[in-house]
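> Quick one: this structure, given as structure tokens, is what I'll be asking you about.
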Amino acid sequence: MSVTFSLGLWQLGRAAEKTAFQDAKTQQADKVTLDGRTLGSALDDQAQRAGLIHRRMVLMGRWLPQHSVFLENRQMNAKPGFFVLTPLQIEGTNGVILVQRGWAQRSFNDRAALPAIQTPEGQVKVEGHLAPWPSRLYDFGGVEQGPIRQNLDLQAFRQETGLGLLEVSLLQSGPASEGLLREWPVVASGVEKHYGYAFQWFGLSGLIALLYVWFQIVQPRRQKRTA
């Protein structure tokens, strides 16, 4: 009983942690929109940049399209394609941030073909919110080269490009443009799963209690009376 009840409490604790994280994420997104100057003042402070994750940002800068990467096996609206990533040289700073610009569908006739996207030259304005480095999918290891890749390792990409890339990225928002969709999926918190597991553990604990009462208390007394 003690073990199963403790596991139920542990699942409730996990649910509370994820709820708190989701609330903090929402609060971050509701704060005042920041600009490149704010990010520039945090270029030398990793902890300070981490505290800006999920904040809305408007950056001015210049695209570095020669370093664009197309992450394959990414979906949007249940369709396979690429997440298109392009570094942005932030105006007025020495920092470069990787922008997750959007999604483009893959050619089914030629898997090596890159989608037709447009990358404006000169100074551009990019809106979005600060996000962690792009998440990894399962791969078989090894160093990937070329524009089409399964994952993008921060340290390896820094060495490859020679850019002072920040360890965060910008998830670009806005309507479809430049051949890219930006209907980013909302990541579920998974709180319901933990509540379901907690219910199962508490139910099992209750069942053990009932069985204990029946076999250790009720049945012996009935047998005693019968005797």
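> With the structure loaded, tell me whether residue 212 is surrounded by fewer than 16 Cβ atoms within 10 Å (Cβ to Cβ) and touching a helix residue (DSSP H, G or I) at 6+ places or on another chain (Cβ under 6 Å) or whether it fails that test.
Details: surrounded by fewer than 16 Cβ atoms within 10 Å (Cβ to Cβ): yes; touching a helix residue (DSSP H, G or I) at 6+ places or on another chain (Cβ under 6 Å): no.
No, not satisfied.
> In segment 126-135, is there at least one residue being of a type in the set (Asp, Glu) and free of Cβ contacts under 8 Å to residues at least 60 places away in the same chain? First the steps, then the outcome.
So the first thing to find is which residues in segment 126-135 are of a type in the set (Asp, Glu), and the list is 127.
Then keep just the ones that are free of Cβ contacts under 8 Å to residues at least 60 places away in the same chain; that gives none.
Checking segment 126-135: not a single residue is of a type in the set (Asp, Glu) and free of Cβ contacts under 8 Å to residues at least 60 places away in the same chain.
> Could you list, in sequence order, the residues of segment 178-195 that are in contact (Cβ under 8 Å) with a residue 12 or more places away in the chain and farther than 16 Å from residue 65 by Cα? Even if it seems obvious, please write down each step before you answer.
The initial filter retains those residues of segment 178-195 that are in contact (Cβ under 8 Å) with a residue 12 or more places away in the chain, namely 178-185, 189-191, 194-195.
Once the filter is applied, which keeps residues that are in contact (Cβ under 8 Å) with a residue 12 or more places away in the chain and farther than 16 Å from residue 65 by Cα, segment 178-195 yields 181, 182, 183, 184, 185, 189, 190, 191, 194, 195.
> From the list 102, 146, which residue is part of a strand (DSSP E or B), out of contact with any Pro (no Cβ under 9 Å at 6 or more places or on another chain), open to solvent by less than 80 Å² (accessible area, probe 1.4 Å) and under 18 Å from residue 65 (Cβ atoms)? If you could, list the steps in order and put the result at the bottom.
Numbers: 146 fails: part of a strand (DSSP E or B).
Of the residues listed, the single one that is part of a strand (DSSP E or B), out of contact with any Pro (no Cβ under 9 Å at 6 or more places or on another chain), open to solvent by less than 80 Å² (accessible area, probe 1.4 Å) and under 18 Å from residue 65 (Cβ atoms) is 102.
> Sticking with this one: Against the condition within 18 Å of residue 74 (Cα to Cα) and part of a strand (DSSP E or B), how does residue 170 come out, does it pass?
Values: within 18 Å of residue 74 (Cα to Cα): yes; part of a strand (DSSP E or B): yes.
Yes.
> Can you name every residue in segment 62-82 that is assigned to a strand (DSSP E or B), open to solvent by 30 Å² or more (accessible area, probe 1.4 Å) and under 14 Å from residue 114 (Cβ atoms)?
The initial filter retains those residues of segment 62-82 that are assigned to a strand (DSSP E or B), namely 62-63, 69-76, 79-82.
Retained after the next criterion (residues that are open to solvent by 30 Å² or more (accessible area, probe 1.4 Å)): 62, 72-73, 75, 79-80.
Once the filter is applied, which keeps residues that are assigned to a strand (DSSP E or B), open to solvent by 30 Å² or more (accessible area, probe 1.4 Å) and under 14 Å from residue 114 (Cβ atoms), segment 62-82 yields only 72.
> Evaluate the following for residue 59: is it modelled with pLDDT of 95 or more, surrounded by 15 or more Cβ atoms within 10 Å (Cβ to Cβ) and under 17 Å from residue 34 (Cα atoms)? Don't jump to the end; show me each part of the working.
Working: modelled with pLDDT of 95 or more: no; surrounded by 15 or more Cβ atoms within 10 Å (Cβ to Cβ): yes; under 17 Å from residue 34 (Cα atoms): yes.
Spelling it out, it is not the case that residue 59 is modelled with pLDDT of 95 or more, surrounded by 15 or more Cβ atoms within 10 Å (Cβ to Cβ) and under 17 Å from residue 34 (Cα atoms).
> In segment 1-48, which residues are modelled with pLDDT under 75, closer than 30 Å to residue 203 by Cα and surrounded by 14 or more Cβ atoms within 10 Å (Cβ to Cβ)?
Matches in segment 1-48: 18, 22.
The values are calculated or read from the model by the stated rules, or taken from the named source; none is laboratory data. Computed from a predicted structure; not experimentally measured. All Cβ positions, glycine included, derive from the backbone under ideal geometry; neighbour counts span all protein chains shown. Keep in mind that these areas ignore ligands, DNA and RNA; they rest on the heavy atoms of the full protein, side chains included. Shrake-Rupley method; radii C 1.70, N 1.55, O 1.52, S 1.80 Å.
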